[in-house]
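First comes the structure, then the notes that go with it.
No value in this document is a laboratory result; all are computed from the given coordinates. Remember, predicted model here, so these are calculated numbers, not experimental data. Using ideal geometry, Cβ is built from the backbone for each residue, glycine included, and neighbour counts are taken over all protein chains shown.
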Amino acid sequence: MKKNLFKIFCGTSVIVLLLTSAVSAAAITEKRAQQIALSKTSGGTVIKSKLERDDGRQVYDIEIINKNNKYSMDIGVNDSRIYDYEVKTIAPTSSTNTQITAEKAKQIAISKAGGGYVTSVKLDYERGVRVWEVEIKNGRWEHDLDINAATGAIVKYERDYDD
């Protein structure tokens, strides 16, 4: 009887492992989601890429700027399907050409916050000026910064204690 129970337990464990592996193999990476989004927009620059939960499913929330269009879409982690696709025309401004990269904006933000890690970085417009919106988590503090994309100057800084 003990041998039969052991065989059933081992067989069930193998099935669970196989099913778990199959589900994990179907999930796409953030980089793959970005590639899917870029192919949908015929290129451009990824300005936001963040793993989120939307309507009970995990999705990558991706934003891309290509010429004078801003594309927003959610791409399903488990099915690679595009959800909530949106295109907005953005007005060109004198600061259309980004001078600093997302990586440089992250460095500026981490330095201002005194350390921590980036939870979100997004290129956006504030009052007609392109800014990198950067969120930093440092201990129990959350830091929100807007960094001028042309100059690297911090134009907004907020700090909140997460209790």
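Summary table below
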read-out	value
Within-10-Å neighbourhood charge of residue 102 [Cβ basis; K, R +1; D, E -1]	+3
Radius 11 Å from Cβ of residue 41, net charge of other residues (Lys, Arg +1; Asp, Glu -1)	+2
Candidate aspartates and glutamates for bridging to residue 88, where Cα separation is under 18 Å - those fewer than 8 sequence places away on the same chain excluded	61, 63, 74, 124, 126
Cross-link pairs 40/112; 70/156; 50/104; 67/137 - those with Cα-Cα distance over 26 Å	40/112; 67/137
Summed side-chain charge close to residue 83 - residues other than residue 83 whose Cβ falls under 15 Å, Lys, Arg +1, Asp, Glu -1	-4
Length gained when the stretch residue 162-residue 26 is fully extended (0.36 nm per residue, less Cα-Cα span)	45.5 nm
